[in-house]
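J.: Can you keep this structure in mind? I'll have questions shortly.
The values are calculated or read from the model by the stated rules, or taken from the named source; none is laboratory data. Every value quoted in this text rests on a predicted model; they were computed, and no experiment measured them. No Cβ is skipped: glycine too gets one built from the backbone with ideal geometry, and neighbour counts run over all protein chains shown.
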Amino acid sequence: MKFSNSYARLGDIFYEAVLPEPVKDPNTFLWNSNLANELLLSDNLTLSTDEMAQALSGNTILSGSEPIALAYAGHQFGNFVPQLGDGRAHLLGEVIDRSGIRKDIQLKGSGQTGFSRNGDGRYALGPAIREFIMGEAMHALSIPTTRSLAVTTTGEMVYRETPQPGAVLTRIAASHLRVGTFEYFAARQNHQAIEQLCDYAITRHYPALQACHHERFILFFDAVMERQIDLVIEWMRVGFIHGVMNTDNTAISGETIDYGPCAMMGVYNPKTVFSSIDRQGRYAFGNQPAIAQWNMARFVETLLPLIDKDEEAAIDIARSHLDNFKRLFEERYLKMMGRKLGITKLLPSDHKLIFGLLDQLEQKQLDYTDSFDRLTRSLSSQSTEVQVRDELGDWYTDWRQRIDDQQVMGTDGQALMRNANPVVIPRNYHMEKVIQTCLESSDAAAADAFLEVLISPYASTNKTLQYQIVPDDADVGYQTFCGT
Ligand code: AMP
Ligand code: MG
């Protein structure tokens, strides 16, 4: 593996150099051969299965790797914590993938670091399986995300509410820079470190801004904000609820990161919350845009000294850029919903169609994914059309008129809808069942079968149906946990 360590070169205030803590008996539980191929590992790495398990549990250090735990802070549920950092993760280094993109290879659950506080530095197998499956499902849905290369069991138990088998997850990310990384140095008034982070992030994620000199800081903010907007819109397209949108879980790259208490919305309701610790519904499905904006406000605050030496002037500039959030979000959200409804060129009158449907879904307690899938199919199946028409009444007539008018102009609404509306998503009910089966059997077959379907979310095969259907009350009382 050809490691480089550009983050380690930034300087030692950005991390702690610390080795993973060895584990008793590492074994590969899940392996992502597609991702290994994209990372060119199959070409560059000739390790036996056992050697791979040793390396991805942290028992051996691959040549060229300089393991570090990154420093960061963060706002958790609105409260600032000046020091978080990788308390159970080690960045092994970076590799250049098949597309020429630099990717971080990080172990999660690989032991204590200087940032562990009272934590044991470990990860349980159940949440690791969940993170692996969710990342692949999101990637297949074309949503920017960190992914997992492997889940390696440790042969040791971890103690949460109950004893659970331990695991180390190998996480692949465009980078592990977070809003919280900037907040860490802002809290210490280290403007030079923030400038270094900006330039590092620009080089790695927004290279077009390199030529922008002094303007680059606010333009960098715009670019990060736009990626957050696009990301949350993509989450809302598929009914994803992140569950813990703290600033330390907000990646500068625009990838989805941290699959702790996330879940998928079944029945449409913007108030949907599954996380056991989110008692106020701060991170509810429909609150995600407002929280993303709040997180971007915390981000731009860290850049103020670079935006302008005069604080008042810097605040004015920052505010005017942050104010674009709402307009950009609304424009792009409506466009996305238009795609879900098969509308290519959105007209002002379409807003009524979009919100009219959402109202009906909420009032009639209809499933979000299933409803859009049936609308899609109603354009080519008479029996589905009869059923959906019956369910949605006049709304269906209006929508159908709109699609038929568009058809006359040569636009195929159904093709658009097929790419916007997944047939199958990682529903909570199936996710829990799959994890349970894996844990009881100490075997990954159930996860592999689930993944086989999830990697083609827009296609219906004979294996898809079993994962589309859930009992009516499947999500009633359902709760997710951070697994920390
Ligand atoms: P998370 O909930 O995974 O976003 O983690 C929030 C913070 O808690 C990060 O600083 C983590 O590194 C730390 N943390 C979470 N779980 C553990 C653990 N078991 N041991 C040590 N640190 C942890
Ligand atoms: Mg986190």
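J.: Before we move on, is Thr154 in contact (Cβ under 8 Å) with a residue 60 or more places away in the chain, more than 10 Å from ligand 1 (Cβ to nearest atom) and within 20 Å of the chain's Cα centre (by Cα)?
T.: Working: in contact (Cβ under 8 Å) with a residue 60 or more places away in the chain: yes; more than 10 Å from ligand 1 (Cβ to nearest atom): yes; within 20 Å of the chain's Cα centre (by Cα): no.
Against the criterion (in contact (Cβ under 8 Å) with a residue 60 or more places away in the chain, more than 10 Å from ligand 1 (Cβ to nearest atom) and within 20 Å of the chain's Cα centre (by Cα)), Thr154 does not qualify.
J.: Filter the helices (runs of 4 or more DSSP H) completely within the stretch 177-286 down to those with at least 3 residues that are surrounded by 22 or more Cβ atoms within 10 Å (Cβ to Cβ) and within 16 Å of ligand 2 (Cβ to nearest atom).
T.: Values: elements: 179-187, 191-205, 216-238.
Fully inside the stretch 177-286 and qualifying: 179-187.
J.: Something else now. Can you tell me which residues in the stretch 239-256 are of a type in the set (Val, Ile, Thr) and more than 9 Å from ligand 1 (Cβ to nearest atom)? Break it down stepwise before answering.
T.: Our first condition is that a residue be of a type in the set (Val, Ile, Thr); within the stretch 239-256, this holds for 241, 244, 247, 250, 252, 256.
The answer is Ile241, Thr247, Thr250, Ile252, Thr256.
J.: Report the residue count in the stretch 445-468 for those that are surrounded by 12 or more Cβ atoms within 10 Å (Cβ to Cβ) and assigned to a loop (DSSP other than H, G, I, E, B).
T.: The qualifying residues number 8.
J.: Give the stretch 436-484 a look and list any residue that's within 19 Å of Thr145 (Cβ to Cβ) and either at pLDDT 95 or above or of a type in the set (Asp, Glu) (or both), or say none. Explain how you work it out, then say what you get.
T.: Narrowing the stretch 436-484 to residues within 19 Å of Thr145 (Cβ to Cβ): 447, 450-458, 480, 482-483.
Of everything in the stretch 436-484, those that are within 19 Å of Thr145 (Cβ to Cβ) and either at pLDDT 95 or above or of a type in the set (Asp, Glu) (or both) turn out to be Ala447, Phe450, Leu451, Glu452, Val453, Leu454, Ile455, Ser456, Pro457, Tyr458.
J.: While we're looking at this one, here's another question. Just to be sure I understand the filter: pairs with C-beta atoms under 9 Å, separated by 6 or more residues or on different chains, first member in the stretch 103-117 and assigned by TED's automatic domain parsing to the domain that holds Gly85 and within 7 Å of ligand 1 (Cβ to nearest atom), second member modelled with pLDDT of 95 or more and among the β-branched types (Val, Ile, Thr). Which pairs pass?
T.: If the second residue must be modelled with pLDDT of 95 or more and among the β-branched types (Val, Ile, Thr), the pairs left are Gln112/Val18.
J.: For Ile68, are the conditions met, namely being within 15 Å of ligand 1 (Cβ to nearest atom) and over 27 Å from Ala292 (Cβ atoms)? Please lay out each step first, then the result.
T.: Details: within 15 Å of ligand 1 (Cβ to nearest atom): yes; over 27 Å from Ala292 (Cβ atoms): yes.
In short, yes.
Rundown of residues vs (1) part of a helix (DSSP H, G or I); (2) within 16 Å of ligand 1 (Cβ to nearest atom); (3) under 30 Å from Gly281 (Cβ atoms); (4) in the same structural domain as Cys198 (by TED's automatic domain parsing), yes/no style:
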position	(1), (2), (3), (4)
Lys2	no, no, no, no
Glu21	no, yes, no, no
Asn34	yes, no, no, no
Ser63	no, no, no, no
Tyr72	no, yes, yes, no
Leu84	no, yes, yes, no
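J.: Asp323: farther than 30 Å from Pro261 by Cβ, of a type in the set (Asp, Glu) and more than 27 Å from the chain's Cα centre (by Cα), yes or no?
T.: Values: farther than 30 Å from Pro261 by Cβ: yes; of a type in the set (Asp, Glu): yes; more than 27 Å from the chain's Cα centre (by Cα): no.
Taking the combined requirement at face value, the residue does not satisfy it.
J.: Let me ask you something else. Please go through the stretch 259-271 and pick out each residue that is more than 15 Å from ligand 1 (Cβ to nearest atom) and either among the hydrophobic types (A, V, I, L, M, F, W, C) or under 28 Å from Arg171 (Cα atoms) (or both).
T.: Taking the stretch 259-271 first, the residues more than 15 Å from ligand 1 (Cβ to nearest atom) are 263-271.
Hits for the stretch 259-271 are Ala263, Met264, Met265, Gly266, Val267.
J.: With respect to Ile105, is the statement that it is at negative phi and not in a strand (DSSP E or B) true? If you could, list the steps in order and put the result at the bottom.
T.: Values: at negative phi: yes; not in a strand (DSSP E or B): no.
For Ile105, the condition - at negative phi and not in a strand (DSSP E or B) - is not met.
J.: Something else about it: Please specify each residue of the stretch 435-484 satisfying the condition of being small (Gly, Ala, Ser), away from ligand 1 (no atom under 16 Å from the Cβ) and farther than 17 Å from Thr369 by Cα.
T.: Restricting attention to the stretch 435-484, the residues satisfying the condition of being small (Gly, Ala, Ser) are 441-442, 444-447, 449, 456, 459-460, 474, 477, 483.
Those left that are additionally away from ligand 1 (no atom under 16 Å from the Cβ): 441-442, 444-447, 449, 456, 459-460, 474, 477.
Those that are small (Gly, Ala, Ser), away from ligand 1 (no atom under 16 Å from the Cβ) and farther than 17 Å from Thr369 by Cα: Ser441, Ser442, Ala444, Ala445, Ala446, Ala447, Ala449, Gly477.
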